[in-house]
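K.L.:
Handing you a structure now.
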Amino acid sequence: MEGRDIALEKARAEQTGVIACWSCKGPVARVNPLCETCGAVQPPGQLNHFLRLGLAASFDIDVAALDQLYFNLQRRLHPDRFVTRSPKEKAISQLQATAINDAYETLKEPLRRADYLVHLRGMAVLPEGCNLINDQELLIESMELREALADAETVAEVDALSARAGADIKRCIVQLSTLFDNDDIEGACKLTTRLKYLKKLAEETRVHRKKLV
């Protein structure tokens with residue numbers, strides 16, 4: 001097993017171990033949000049978003065399954081279910097709700113999911129993450145598309161740029177799936193950068209179009 005894989009397995013083992021319930025001191029799996037002995041809600045801990053929602057750490061996820069897992073957890077852990085509990089447990093339930101929402105919002109959107117997965121798999125990226133365009137070809141493409149949008153004077157011209165951005169976004173998502181499957185994290189990071197600027201371009205085309213209508 002390669003060094004990175006060993007590190008990943010070690011990190012997963014640390015997150016999926018057993019801890020003592022803060023209330024009854026009984027054993028609780030780190031991935032379990034409720035104590036099986038006393039039913040007390042547990043602190044969210046440092047679980048990654050996939051483990052928190054009960055999913056494998058993969059770019060390809062079943063969105064319907066993600067929705068179902070999220071809503072099931074929300075029903076079990078919503079703060080309203082703990083209004084009669086101690087102040088400590090009510091505070092913990094709020095932390096759980098926040099952690100679950102953050103995990104769901106990150107994983108349901110392809111760009112945020114890709115960015116998160118790149119970092120989760122240990123890519124040694126710059127502090128800015130996959131935010132810098134340091135590929136010359138990518139930089140030129142970005143500049144040309146922005147210039148084309150700035151020069152667009154008709155709705156048709158803006159719509160053409162919007163359609164191109166939309167098609168490129170779809171292709172990026174398909175390509176990201178392949179890159180993650182092949183464990184090409186460096187390539188996934190570069191493509192995530194491209195997806196970020198394409199999403200921004202798509203939003204800018206919508207704003208520009210409103211100015212022309």
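None of the figures in this text is laboratory data; all of them are computed from the coordinates on show. None of these values were measured; they are calculated from a predicted model. FYI the Cβ positions are ideal-geometry reconstructions off the backbone, even for glycines, and counts take in every protein chain you see.
K.L.:
Can you tell me the 0 to 90 degree angle between the C-alpha axis of helix 87-108 and the longest principal axis of the chain, rounded to 10?
P.N.:
Orientation of helix 87-108: about 30 degrees from the principal axis.
K.L.:
Here's a follow-up. With Cβ to Cβ distances under 13 Å as the rule, what net charge do the other residues near I140 carry (K, R +1; D, E -1)? Can you show the working numbers first?
P.N.:
Numbers: positive: R146, R194; negative: D135, E137, E141, E144, E147.
Around I140, the charge tally is -3.
K.L.:
Kirkwood hydrodynamic radius for the range 18-93: how many Å is it when counted over pairs of different Cα atoms?
P.N.:
On the way: mean 1/r = 0.0746 Å⁻¹.
So the Kirkwood estimate lands at 13.4 Å.
K.L.:
Sticking with this structure for a sec: With angles folded into 0 to 90 degrees, how steeply does helix 110-120 sit against the dominant principal axis of the chain? Use alpha carbons for both and round to 10.
P.N.:
Here the helix axis deviates by roughly 60 degrees.
K.L.:
Still on this structure, please answer the following. May I ask you to work out the translational diffusion coefficient for the chain at 20 °C, viscosity 1.002 mPa s, via Stokes-Einstein with Rh from the Kirkwood sum over Cα pairs, reported in whole µm²/s?
P.N.:
Details: Rh = 19.8 Å.
My calculation gives 108 µm²/s for D.
K.L.:
Also, I was wondering about something else. Cα axis of helix 136-151 to longest principal axis of the chain: angle in degrees, 0 to 90, nearest 10?
P.N.:
Long axis of 136-151 versus the principal axis of the chain: about 70 degrees.
K.L.:
Cα to Cα, under 30 Å, and not fewer than 8 places away if on the same chain: which lysines meet these conditions relative to K190?
P.N.:
Cross-link targets: K10, K108, K170, K199, K200.
K.L.:
For the range 127-212, what is the convex hull (Cα atoms) projected area averaged across all directions, in square nanometres? Walk me through the numbers on the way to the answer.
P.N.:
Values: hull surface 23.0 nm².
Across all orientations, the range 127-212 yields a mean hull projection of 5.8 nm².
K.L.:
Can you order the peptides 79-91, 22-34, 38-50 by their average number of other Cβ atoms within 10 Å per residue, highest first? Show your work: numbers first, answer last.
P.N.:
Values: 79-91: 13.0, 22-34: 15.6, 38-50: 17.7.
With the highest mean Cβ count within 10 Å placed first, the list reads 38-50, 22-34, 79-91.
K.L.:
Let me ask something else about it. Over all distinct Cα pairs, what is the inverse of the mean 1/r for the range 40-83, reported as the Kirkwood hydrodynamic radius in Å?
P.N.:
Values: mean 1/r = 0.0854 Å⁻¹.
This gives a value of 11.7 Å.
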